[in-house]
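The values are calculated or read from the model by the stated rules, or taken from the named source; none is laboratory data. It should be emphasised that the depicted structure is a prediction, and the values quoted were computed from it without experimental measurement. Using ideal geometry, Cβ is built from the backbone for each residue, glycine included, and neighbour counts are taken over all protein chains shown. Heavy atoms of the whole protein, side chains included, go into the accessibility calculation; ligands, DNA and RNA do not. Shrake-Rupley method; radii C 1.70, N 1.55, O 1.52, S 1.80 Å.
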Amino acid sequence: MEQEFHRIKRLPPYVFAEVNAMKAAARAAGEDIIDFGMGNPDSPTPQHIVDKLVETVKNPKAHGYSVSRGIKGLRNANAAYYERRFGVTIDPETETVVTLGSKEGLANLASAITTPGDVILVPNPSYPIHHFGFMIAGASVRNIPAIPGEDMIEALKRAVQHSLPKPSAIVLNYPSNPTACVCDLGFYEEIVDFCRAHGIWILSDLAYAEIYFDDNPPPSILQVKNAWDVAVEFTSMSKTYSMAGWRIGYATGNKQLIGALTRIKSYLDYGAFTPVQVAAAAALNGPQDCVDEIRALYKQRRDVLIEGLAQAGWDIPSPPATMFAWAPIPEKFAHLGSLEFSKLLLKEAQVAVAPGVGFGEHGEGYVRIGLVENVHRIRQAVRNIKTFMRNHNAGEAL
Ligand SMILES: Cc1ncc(COP(=O)(O)O)c(C=O)c1O
């Protein structure tokens, strides 16, 4: 039966698929590909968290359906995290809900609050669910260029001025995937004031809250008092505790938004497996030196990568946070565009990166390099890239 499903038609083919297919073919041919293409943490989850899971899974009482909005102990643990990290007090009954990873929360909140045709403002480039969560929900997505060094608030004001109907929500993501840009509280204050004045909901994605490398930990938008009128924030265990496969995140903030997400989730899921939730609570309530270690690991990788590539002739701004470097394509290759450059790097340097255009049109001209290989492999990649650059400098124009 030939049928074009309305929602599926709105989902373009995955831009990364082409590079992924080449990567798979190269590996099948026996090549050793150094893979910086994905954002999948490569470190194991800290042992005490795994131990808690194992202990809890032995209890048959933990085997039934769990609680869609998250067990009380985990919501309390998230409240305690917000209190100690941001000095923000939340009511674990009404102001936070546990999600099956923040991706699920973002997608389901989009579908909970969208009337088809609503205009939603989404940064571009962005992590794909920011855009496609709302596309799937039937919204009209308007992109706001979120380009390092450019004024995002001016772009937001322009977008609101020129949108009809008036936008009903905006997505924010600092520290950003893919650009690694960070923001300060003053930025959030300005956005909150603007969005309150224009009746715009804010969905803030703080997945990289704990992956930062300087003395200024990323703030929470919920530190802005008035944000509670309009904002919800998504946090995640995936990167903070290397728990990406466990699928635990949180939405916290405005009661009406949390209520909407909790309601829609109550129809869709029974919550994460209880032992996973118990272990996640142990992670949040337990010793935090594992988080320091994870942070230090990414920082060391970042430094090896950025310094090594600078020596190879590729200058990349050092990311202040996240597990990614957002790398402008070297001038000599700029005309290729990010997809062709990524393919060339894979073919000639055996290094896989994510083409910037895969994160939106304003990502063109960049590639995203994930800090998901160990230092030894990063050094190998740097050597390969050095040779690649040298060959092209000496050789033909592309
Ligand atoms: C900005 C951002 N938000 C959300 C997610 C999804 O995280 P989770 O594993 O909590 O669904 C990611 C994952 O890479 C991300 O980069």
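Calculated accessible area for segment 200-336 comes out at 36 Å² per residue, all protein chains present (probe 1.4 Å; ligands, DNA, RNA ignored). Here the calculated FRET efficiency for residue 153 and residue 198, from their Cβ-Cβ distance with R0 = 22 Å, stands at 0.95, rounded to the nearest 0.05. Distance from the C-alpha centroid of segment 244-265 to that of segment 102-128: 13 Å, rounded to the whole angstrom.
Most simply put, segment 47-285 has about 35% antiparallel DSSP beta bridges, counting only bridges with both residues inside it.
Think of each Lys and Arg Cβ as +1 and each Asp and Glu Cβ as -1; about the Cα centre, that makes the dipole of the chain roughly 840 debye. Comparing 64, 308, 356 in a Gaussian network model of the chain where C-alpha atoms under 10 Å apart are linked, the largest mean-square fluctuation is found at 64.
Only protein atoms count toward the accessible area here, which uses a 1.4 Å probe; on the chain, the carbon and sulfur part of that area reaches 53 percent. Under 16 Å Cα to Cα from residue 225, which lysines show up? Leave out anything in the same chain fewer than 8 places away. Answer for residue 225, where 16 Å is the Cα cut-off: 255, listed by chain and number. I'd like the orientation of helix 16-28 relative to the chain: the angle between its Cα long axis and the longest Cα principal axis, in ° from 0 to 90, rounded to 10. Tilt relative to the chain: about 60 degrees. Applying the criteria of a DSSP loop state and at most 14 other Cβ atoms within 10 Å to the GluC sites (Glu not before Pro) of segment 301-398 yields 396. The shape of segment 177-313 comes out oblate: with a ≥ b ≥ c from the C-alpha gyration tensor, a/c is at least 1.5 while a/b does not beat b/c.
Selection among 238, 65, 101 by position relative to the dipole of segment 47-285 gives 65 as farthest towards the positive end (Cβ unit charges, Cα centre). In segment 47-285, taking the dipole from charged Cβ atoms about the Cα centre, the farthest positive-side position among 197, 260, 143 is held by 260.
Quick check on segment 1-122: take the gyration tensor over C-alpha atoms, sort the square-rooted eigenvalues as a ≥ b ≥ c, and tell me if it's rounded (a/c under 1.5), prolate or oblate. Oblate is the answer for segment 1-122, as a/c is 1.5 or above yet b/c matches or exceeds a/b.
Charge dipole of segment 146-298 (Cα centre as origin; +1 on each Lys and Arg Cβ, -1 on each Asp and Glu Cβ, all else neutral): 800 debye, rounded to the nearest 20. Kindly identify segment 4-44 as rounded, prolate or oblate by the Cα gyration tensor criterion: order the square roots of the eigenvalues as a ≥ b ≥ c, call it rounded if a/c is under 1.5, otherwise compare a/b with b/c, prolate if a/b is larger, else oblate. Oblate, since a/c reaches 1.5 and b/c is not below a/b.
Working ranking of peptides 151-161, 66-76 by packing, defined as the average number of other Cβ atoms within 10 Å per residue, highest first, is 66-76, 151-161. Of the residues 278, 221, 161, the one whose Cα sits farthest toward the positive end of the charge dipole of segment 47-285, with +1 on the Cβ of Lys and Arg and -1 on the Cβ of Asp and Glu, is 278. For the set 23/265; 23/386; 157/332; 9/332, the pairs lying more than 28 angstrom apart at their alpha carbons are 23/265; 157/332; 9/332. Stretched out straight at 0.36 nm per residue, the stretch from residue 166 to residue 140 would grow longer than its current Cα-Cα span by 8.2 nm.
Assuming R0 = 41 Å, can you tell me the calculated FRET efficiency for the pair residue 387 and residue 289, based on Cβ-Cβ distance, to the nearest 0.05? Plugging the Cβ-Cβ distance into 1/(1 + (r/R0)^6) gives 0.55. Can you tell me which lysines have their Cα less than 16 Å from the Cα of residue 239? Leave out same-chain residues fewer than eight positions away. Partners within reach: 103, 299.
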